[in-house]
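The values are calculated or read from the model by the stated rules, or taken from the named source; none is laboratory data. Computed from a predicted model, the values in this text were never measured in an experiment. Ideal geometry is used to build each Cβ from the backbone, glycine not excepted, and the neighbour counts take in all protein chains shown.
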Amino acid sequence: MSVFVILLGVVLVLVIWAVAIYNRLVRLAMLADNAWSDVDVQLKRRHDLIPNLVEVVKGYAAHERSTLEAVVKARNAAISAPNPEQRIEAENMLTRALRQIFALAEAYPDLKASQNFLALQQELSAIEQDIANARRYYNAVVRDYNTRLGVVPDSIIATLTRFHPRTFFVTEEEAREVPRVQF
């Protein structure tokens, strides 16, 4: 009888331990979902600002139609991306297109001096900082989550309960270059 009690105790401890691991993985998955939602909110703010920016630039650089169309196309691709992996790729494309808009400002002194353009540029800069902060938090949560999925014994529970690694939100090498600012 005492062997049965000991065996039952061991099984109970193993079940409690597995449930604790499972709950930790669920908590990290929820944090990752929440962190992605925060990134998504910041990206939506950027998407909402872009049409205003395009309209202001259009007034000064009407013959730069291809650049403006590239920005609009990149924005639409980012909005319609169905999953985080495709969204990350589309957002990187949008970042490149926005750089072209600001490069136009260098060629058009009137645009560069426009109060509307400057206000939009400042707002976009603030949004970009918020996106960077949200992206850093998301990547930290994903790092913790993916680490848990890779270490034993959590990896065993993760495999049995079908948890999958998440994708980091990384910028492209091109986007890592420091932008040139000239006065």
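Set side by side, the residues Gln100, Gln86 differ, and just one is closer than 30 Å to Arg143 by Cβ, polar (S, T, N, Q) and assigned to a helix (DSSP H, G or I), which is Gln86.
Could you list all residues from segment 1-33 that are under 20 Å from the mean Cα position of the chain (by Cα) and free of Cβ contacts under 8 Å to residues at least 12 places away in the same chain? Selection gives Arg27, Met30, Asp33.
The criterion of being at pLDDT below 90 and out of contact with any Ser or Thr (no Cβ under 7 Å at 6 or more places or on another chain) does not hold for Ser80. Can you name every residue in segment 1-33 that is β-branched (Val, Ile, Thr) and surrounded by 12 or more Cβ atoms within 10 Å (Cβ to Cβ)? If the condition is that a residue be β-branched (Val, Ile, Thr) and surrounded by 12 or more Cβ atoms within 10 Å (Cβ to Cβ), then Ile21, Val26 are the ones that fit. Evaluate the following for Leu160: is it surrounded by 15 or more Cβ atoms within 10 Å (Cβ to Cβ) and modelled with pLDDT under 95? Against the criterion (surrounded by 15 or more Cβ atoms within 10 Å (Cβ to Cβ) and modelled with pLDDT under 95), Leu160 does not qualify. In the set (1) free of Cβ contacts under 8 Å to residues at least 40 places away in the same chain; (2) among the β-branched types (Val, Ile, Thr); (3) surrounded by 17 or more Cβ atoms within 10 Å (Cβ to Cβ), the condition left unmet by Thr95 is number (1). For beta carbons closer than 6 Å, sequence separation of 6+ or different chains, a first residue in segment 109-124 that is farther than 25 Å from Gln42 by Cα and a second that is surrounded by 15 or more Cβ atoms within 10 Å (Cβ to Cβ) and modelled with pLDDT of 85 or more, there are no qualifying pairs.
Residues that are under 8 Å from the mean Cα position of the chain (by Cα) and of a type outside the set (A, V, I, L, M) within segment 125-138 comprise Arg135, Tyr138, listed in sequence order. Pairing each residue of segment 131-149 that is in a helix (DSSP H, G or I) with any residue that is surrounded by fewer than 19 Cβ atoms within 10 Å (Cβ to Cβ) and aromatic (Phe, Trp, Tyr), provided the two are 6+ apart or on different chains, yields C-beta distances under 7 Å for Asn139/Phe168; Val142/Phe168.
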